[in-house]
Amino acid sequence: MTQAHSGKLLSISIGKVSGLFAQNGSEPSRVVSAIHKQSISNLDNPISVEITKLGVQGDEQADLTVHGGIEKAIYVYPSEHYPFWNELLTRETKRPVNLTPGSLGENFTIEGLLETNVYVGDILIIGDLEFTVVKLREPCFKFNAKMGYKGAAKAMLQSGFSGWYLRVNRVGALAAGAGIELIPGSRQTSIADQNTALLNRSKQQDLWE
């Protein structure tokens, strides 16, 4: 019998496309990204936000090949990983870091569900809305720039703290504080399994050397 899991939606965040100085290769360059997210609904101010088939109303994406669209409409990140990032970034950047919801570029900051117990094809019922778990988030050089640390993408992959994307099955209004119910799918591949496969492939291709 599959163990049931549940969680809670702590924050809903959106971002606008803007310039970002990032290093992709040997030279820094100016790229565009909507990775800078700001919370618009949280436990202190749980306003209702419209969720469409393309994600949170008002949210933007700069590159639809890697973020956004029907299959990656919502990016979810567990709040349980925030202490890891605060400690890592404080150490590596030599300045105090205390990340706020949305800082990892996520739309939904949640608690109670992790990559190890969320599988591709699982259904998440959040409030009155329904979502399907699609895949893990694959970090890139823009994530390094956002976090102010050139090893951030590698750290995300090695830690397995990737978060995951959702497809929106049932649209409507949603507010922070809503409960999350996980309805298991076929449970063949977890987000953690996907991360392990990506990490092994990256090692074979020497992507981080």
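The values are calculated or read from the model by the stated rules, or taken from the named source; none is laboratory data. Note that the structure is predicted; figures quoted are calculated from it, not measured. Every residue, glycine among them, receives a Cβ derived from its backbone with ideal geometry; neighbour counts consider all protein chains shown. In case anyone asks, the SASA skips ligands and DNA or RNA and just uses the protein heavy atoms, side chains included. Shrake-Rupley method; radii C 1.70, N 1.55, O 1.52, S 1.80 Å.
Of all residues in region 164-179, those being surrounded by fewer than 19 Cβ atoms within 10 Å (Cβ to Cβ), farther than 23 Å from N45 by Cβ and not charged (D, E, K, R) number 1. For region 88-144, what are the residues that are among the basic types (K, R) and assigned to a helix (DSSP H, G or I)? Result: R91, K142. Within region 27-48, track down each residue that is assigned to a strand (DSSP E or B) and out of contact with any strand residue (DSSP E or B) (no Cβ under 7 Å at 6 or more places or on another chain). Once the filter is applied, which keeps residues that are assigned to a strand (DSSP E or B) and out of contact with any strand residue (DSSP E or B) (no Cβ under 7 Å at 6 or more places or on another chain), region 27-48 yields only N45. Inspection of region 147-163 identifies at least one residue that is modelled with pLDDT of 95 or more, open to solvent by less than 20 Å² (accessible area, probe 1.4 Å), in contact with a Lys or Arg (Cβ under 6 Å, 6 or more places away or on another chain) and not aromatic (F, W, Y). Answer yes or no: is there a residue in region 77-84 that is under 23 Å from T52 (Cα atoms) and touching a residue at least 12 places away in the same chain (Cβ under 8 Å). For region 77-84, residues under 23 Å from T52 (Cα atoms) and touching a residue at least 12 places away in the same chain (Cβ under 8 Å): present.
Among the residues of region 180-197, is any at pLDDT 95 or above, in contact with a Gly (Cβ under 7 Å, 6 or more places away or on another chain) and open to solvent by 50 Å² or more (accessible area, probe 1.4 Å)?
Initially, region 180-197 is screened for residues at pLDDT 95 or above, giving 180-197.
Checking which are in contact with a Gly (Cβ under 7 Å, 6 or more places away or on another chain) leaves us with 180, 185-186, 192, 195.
Next, only the ones that are open to solvent by 50 Å² or more (accessible area, probe 1.4 Å) stay: 186.
Taking every residue of region 180-197 in turn, at least one turns out to be at pLDDT 95 or above, in contact with a Gly (Cβ under 7 Å, 6 or more places away or on another chain) and open to solvent by 50 Å² or more (accessible area, probe 1.4 Å).
Candidates D128, D122: the one that is on the phi < 0 side of the Ramachandran plot, modelled with pLDDT of 95 or more, open to solvent by less than 10 Å² (accessible area, probe 1.4 Å) and acidic (D, E) is D122. Picking from residues in region 44-74 that are open to solvent by less than 90 Å² (accessible area, probe 1.4 Å) and more than 23 Å from R170 (Cα to Cα), the one that is modelled with the highest pLDDT is N45. Looking at V97, is it hydrophobic (A, V, I, L, M, F, W, C), farther than 17 Å from K142 by Cβ, more than 13 Å from the chain's Cα centre (by Cα) and buried (at least 20 other Cβ atoms within 10 Å of the Cβ)? The answer is no for V97.
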